[in-house]
Amino acid sequence: MSEAEASEVIDLYLDRLLSPEESSRFEARMQIDAGLRAAVETQRRLDGSLRKAFAPPTAPEALDPVVLRDPIAAAHVRTTAQAITGKAVGMGGGTDAPTLSISVRRRKATLVRIAAAIAIVVLGGYTFHMSRVTAFVPVAPVAAYEKELSAGFRPYEVCENDQQVATLTTRAIGTALSIAAAADVHLVGWGYKSNVLSEDTVTLLATAGTDKIVIYMDRAAADRFLPEETDPNVNVFRREAFGAVFYEVSPRDEATILPLIQKAPG
Amino acid sequence: MNDSQAQTAQQRSLLSREEFGRLFSACRQALWVIAAAILSDREHASDIVQEAAITAYAKRDEFTPGTSFEHWVGQIVRFTALNELRKRRTRREKTSDFAGDVREESRPEESGGVGRFGQLMESTEAFDDATKRALRQLEEIPRACLLLRTVLDMPYSEISRTLGIPEATAMTNVHRSRQRMRAALSAAGAGSSGGGHA
């Protein structure tokens, strides 16, 4: 067996692509061929080393809702992290190092001090930024809905007319909205701090007949992935319009309030 | 717009946000490995996947249902990682005198007068280090093939689908990468003694 053939068979053997008979023959050959045995051992050790070094994180780091909520923050966090390390973290390596003269060393020592000072400033900003980013803990719509129910379905603020609704929505999501009238539908009032999409998500409590319905609305840019709902008694509906995104949580099979949301006239 | 364009546009609009999230989560590990393979490090792989998720999500209407989501999003991860690599190379070129020298100066095996690998290769740490150095010598795609196969035990058909390359190419990439790494480790004295088949 040539070296090239042996190399190929080693891979097939370790990939478990040899038939049982071929595997047996290969193992028998390994018993008498120290070189083959060593090559297999090296490959096994190498595979183990790669698995250890590149085992993917088990926690779902990707799709972090906070970062997805704010792509600019994500990019900033990443850039800042690189600025702190001074380089992209890798495997090292590089070219052979020439001997440094004293003057070059001094200049570099000064550079190190400057870099350290910059790093401290950046680290401070980064820490401050991270404290802002991580302060937000997203809440699933159904969990927020159930919290509203258990809190008595009471609003924080009540709008008396369309003008007040337009003012509130302009202030909260940047767009003046109104809710069209419909039979059986009653707007109970508004709330905040649900943390469904962001810290600025606005809550609208409404009833349709005896059903209690909650709308969560925010700027479209604040939209994020929402976990799949597991409560069979409530449904979540989504609508995106007027630069905003709306989620209706309701015991009904169809969205009731979402179709009624419209841009305020004027 | 003709019928086929209209049909394509209609198909593309079918990928819902929930479906996107589900599909992305299903191949997250493979995407992470691709990012780690291209960057040759694990520290920033999650950042790359995150960034690619944002990009893919923004462009999700460009995905055609029925085609391979893994390949589509894998391409985005690849390009994102390659962009990052290019930025690093630019940075390294700008600071090569300084950063490179400091790294080399701090190598314990060299300062201790022991050969670059020598006896230290017997230790797991030195072997791991040598493995990473050998891995860095590979091209990005073969490196991704090797890691997908080794780390995730991914079948060649799936590697082919994820990276958008023929299955035979995936197999060849893995085989040659292993060969090159074994050769590099043997040359460095890291492999088991007496290896004559690497």
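Per-structure values
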read-out	value
Neighbouring partner chain Cβ atoms per residue of B:124-137, average, 10 Å criterion	4
Using a Förster distance of 41 Å, the FRET efficiency for B:ALA168-A:ASN233 (Cβ separation, nearest 0.05)	0.20
For B:147-160, mean number of other protein chain Cβ atoms within 10 Å	3
Neighbouring partner chain Cβ atoms per residue of A:214-225, average, 10 Å criterion	1
Sorted peptide list for B:47-54, A:162-169, criterion being average Cβ within 10 angstrom, highest first	B:47-54, A:162-169
Residues A:THR110 and A:GLN262, FRET efficiency given R0 of 56 Å [Cβ-Cβ distance, rounded to 0.05]	0.30
Chain lengthening between A:ARG29 and A:ALA181 when straightened (0.36 nm per residue, less Cα-Cα)	46.3 nm
Global form of the range A:132-227, assessed from the alpha-carbon gyration tensor, a/c cut-off 1.5	oblate
Kirkwood Rh, Cα atoms: Rg over Rh of the range A:174-254	0.94
Length-normalised contact order for the range A:175-266 - Cα pairs under 8 Å, 6+ apart - percent	29 percent
At R0 = 30 Å, FRET efficiency that the Cβ-Cβ distance of B:LEU82 and A:GLU240 yields, to 0.05	0.40
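Quick note: the coordinates plus some simple rules give every number you see, no bench work behind them. Note that the structure is a prediction, hence the values are computed from the model and not measured. Every residue, glycine as well, gets a Cβ built from its backbone with ideal geometry; the counts of neighbours run over all protein chains shown.
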